[in-house]
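Heads up, the thing below is written out as structure tokens.
The values are calculated or read from the model by the stated rules, or taken from the named source; none is laboratory data. Bear in mind that the values here come from a model prediction, so they are computed numbers and not experimental data. All Cβ positions, glycine included, derive from the backbone under ideal geometry; neighbour counts span all protein chains shown. Heavy atoms of the whole protein, side chains included, go into the accessibility calculation; ligands, DNA and RNA do not. Shrake-Rupley method; radii C 1.70, N 1.55, O 1.52, S 1.80 Å.
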Amino acid sequence: MEQYNSPSTSSSFPTSSSSSSSHRETAPTPPQTPQHVMKKRRRRDASHTTLDPSTMPQYLHQRIPSLSLTFLFLSCLLAILLPVVSAAPPCVRFADYDSINQMFIDGGPGTKVFLCPSKLYRLSGTIVFTAADQELATYGYPTGSERAILRVEGKQTSTVIQGDCRRCARVGVRSLIIDGNRKKLGRIKNMDDAAGLVILGGNEGQSVKNCWIKNPRGFTALHIREGDKLQCTGAMIDKNEIGPVGEEYDPDLDGEDPETSPLGRPLADGLSIACRDSFVRDNTFYDNTDASIVIYCSPGTLVLANHITARSLSSMAGILLVDQTPFDGDYSGVMVKQNIIDAASRSIRVGIGIGSTVWSDDTETILKGGTILNNGLKGRYMGYGIAAAGLEGFKVKGNWDEAQHQGQKSARCFDEPVNPDPMPFLYNLETIKESEFQDGFKDHDFQYVVCIDGLYDKSNPPKHDLPPLPHDLDNEESKKEIVPPQKIDKANTEKKDTATSDDGANEEEEEDRSPDIVEPSKDGFSTGSEVMDDILTHSQQRMLEAIDHLHRRVDILASNVEKSDKDKNKKKSKVVGESLDPAISTHLEKLQRRVEHLETSQKNLLESAIAMRSSIQSWDQEMATIGEWQYDILLDVRHKLDLHSSHSDAESGYVRPLGDESEEAGMVNEINSPRVDHTHPSINRDNIRDLSNKQRLSQTDRKNGWNGSLGWWLKVILLQGIIGIGLWLLRGWWKGRRVHGKIL
């Protein structure tokens with residue numbers, strides 16, 4: 001035992017104090033076994049070996065700083081990639097114009113607001129761009145029915161999107177359905193307030209792509225302004241569908257002049273552009289009652305491969321180059337090329353109008369420059385094809401005509417001069433200088449040639465096999481330009497029905513395949529659901545089309561029946577019944593059954609709509625009850641948290657003034673009481689849903705925008721600082737251990 005109780009223990013620690021040594025001398029030493037003493041020596045030897053710098057490998061001294069630097073680099077990389085990975089913004093599900101405007105204001109330049117596919121947004125005001133490179137689009141940029149819908153609901157609102165500010169360079173509108181809701185809200189009566197449905201311009205590089213713009217309440221669907229200093233340039237209008245736009249002029253409702261109608265201006269343009277070096281291409285215009293494209297000078301602009309059709313509403317013109325403002329009649333570099341103008345089912349009074357005389361009695365204004373190349377005229381109801389007057393330096397070449405030109409002078413035409421009958425190519429050579437025109441133009445004095453009216457009536461209804469519109473096709477079908485399956489099935493059914501008819505009946509059936517569209521009831525449907533109202537309106541329209549189709553067939557058959565002198569006193573219906581071919585009678589019976597089937601289907605749809613309306617109303621009531629219940633719970637929790645925090649202040653030493661004991665007792669009773677309404681006077685319970693939606697939108701914007709990313713960066717920087725301080729402290733501690741080991 002004595003050989004293990006040597007004074008080496010005290011000699012091994014020369015730095016020990018005298019008090020410690022005296023304490024060890026006075027304290028009784030417990031008996032120790034040899035095994036216990038050997039374990040202590042092993043631990044002491046092991047500690048000496050670990051702390052001895054001479055025994056530590058050299059590579060370990062170099063590895064610890066490199067590990068800290070590697071860890072710091074990885075944390076920085078993670079901080080950079082984390083916001084990028086979570087940067088994919090979801091679409092905005094609930095929004096009005098004010099919340100979207102706030103997103104653009106908070107986001108600043110480059111902000112993109114994505115709306116949810118197939119979602120309807122009811123707007124009571126105008127969405128306004130506020131900075132450069134901003135964009136409003138449907139999430140994923142769809143091109144079919146999945147596009148988000150912006151619909152006007154404000155009674156005095158005529159503009160949905162406006163981006164003509166001085167800072168609005170390169171703003172964009174993409175993949176949206178923009179509905180001015182003219183059929184429901186009517187026209188804007190004040191002409192000064194009847195602005196365009198979408199207004200851009202006054203800057204560079206703005207664009208509207210893959211949108212469907214319809215039913216504007218003002219004078220145009222899409223307006224590209226020139227700007228206060230004529231600074232607009234490089235606008236892009238590409239692959240849009242614009243129509244229907246405006247209403248036909250009715251003298252009984254609108255008076256003698258449509259411009260001074262008490263109900264507001266009935267006619268409207270599709271596109272009004274006054275912007276230099278712009279592009280208008282691959283767009284579809286239909287049923288634009290004024291003019292589909294109006295070019296206000298716009299030097300250097302290209303209008304290429306657009307398709308203009310009159311389907312159910314007549315048009316004043318297809319493309320117009322008639323205005324001297326705002327570039328003082330300068331059309332230099334303007335090229336109108338390879339556009340198709342089709343008067344398919346309604347009249348287009350002028351296909352392409354060049355010069356102020358086409359639109360007025362102004363014979364003094366001269367327009368300079370401009371090229372009209374390789375445009376096509378089609379349709380059975382075309383008025384004047386290309387009319388030109390008051391030009392200098394224009395070139396009109398390679399345009400072709402396959403249309404039937406017709407029309408009659410209306411009461412709005414001037415007495416002098418007397419305009420010629422509608423023709424393919426017309427110009428007033430006396431007013432044209434230094435210009436090139438293709439062969440086939442006829443020289444005649446004219447003014448205001450758009451005053452003619454179409455010749456069709458009930459005895460000569462519009463007949464044309466109309467192609468499907470872009471919004472009728474799916475995304476894949478629109479790329480391939482094929483007819484939808486429903487159209488193919490309908491065509492096949494009609495071919496089978498007419499297979500047993502004679503050749504004359506076949507020809508008449510082909511002509512009558514697209515009957516005149518009869519307007520539905522003005523009263524409309526009010527099931528409580530706009531979707532069901534649209535379905536019922538469409539069903540009613542189809543039924544009326546079938547009835548009108550049957551009516552015209554009977555008239556045609558009656559006109560072809562040979563009348564004999566002996567049967568003059570007989571009724572017309574009896575003669576028709578005796579002279580009809582059995583196959584035609586069978587066809588009429590089929591049409592009658594189809595009409596009955598449509599009536600039954602409409603009745604069933606109406607009953608289903610009523611049932612759906614009641615279900616939606618009950619569901620809406622339940623959701624409102626749930627929302628109020630959740631709101632009450634949140635208020636209770638918030639109030640109790642406030643009481644709990646005040647109670648914690650009291651425990652921390654806060655002394656209440658005298659007289660507050662009763663108040664504190666009341667608070668305790670409120671904590672233990674059942675649910676109590678603690679609504680703040682500044683909160684309107686009726687608008688709680690709007691408040692919650694706006695709060696959700698603002699939170700989403702902060703998460704997706706730079707404001708939200710700033711919070712991420714602050715958190716990441718704070719985390720990096722904590723990690724760096726920890727590493728620095730660890731390194732200092734390790735250096736201290738090394739020094740202590742050297743001392744030992």
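Couple of notes before you dig in:
- Cβ-Cβ under 7 Å pairs, at least 6 apart or on other chains, region 149-175 side under 15 Å from C211 (Cβ atoms), far side open to solvent by 60 Å² or more (accessible area, probe 1.4 Å) and small (G, A, S): none
- Residues in region 371-406 that are closer than 20 Å to I452 by Cα and open to solvent by less than 20 Å² (accessible area, probe 1.4 Å): L377, G379, Y381, M382, G383, Y384, G385, I386, A387, A388, A389, A403.
- Y286 in contact (Cβ under 8 Å) with a residue 40 or more places away in the chain, more than 24 Å from S435 (Cα to Cα) and open to solvent by 10 Å² or more (accessible area, probe 1.4 Å): yes
- In this entry, G154 is excluded by the filter for residues that are within 24 Å of K239 (Cβ to Cβ) and assigned to a loop (DSSP other than H, G, I, E, B).
- Cβ pairs under 9 Å, 6+ apart, first in region 405-418 and at pLDDT below 80, second assigned to a loop (DSSP other than H, G, I, E, B) and loosely packed, with under 13 Cβ neighbours inside 10 Å: A411/E256; R412/E256; R412/D257; F414/D361
- Among the candidates T220, T260, T233, the residue that is of a type in the set (S, T, Y) and within 23 Å of the chain's Cα centre (by Cα) is uniquely T220.
- Unique match (being in contact (Cβ under 8 Å) with a residue 60 or more places away in the chain, under 24 Å from N428 (Cβ atoms) and among the β-branched types (V, I, T)) among T309, T365, T357, T325: T357
- Subset of region 203-213 [in a loop (DSSP other than H, G, I, E, B) and crowded, with 24+ Cβ neighbours inside 10 Å]: N203, Q206, C211
- Enumeration of residues in region 221-248 that are without any contact (Cβ under 8 Å) to a residue 60 or more places away in the chain, more than 22 Å from P142 (Cα to Cα) and open to solvent by less than 50 Å² (accessible area, probe 1.4 Å): H223, I224, C232, T233, G234, V245
- Residues in region 312-338 that are in contact with a Gly (Cβ under 8 Å, 6 or more places away or on another chain) and surrounded by 18 or more Cβ atoms within 10 Å (Cβ to Cβ): L313, S314, A317, G318, I319, L320, L321, V322, D330, Y331, V334, V336.
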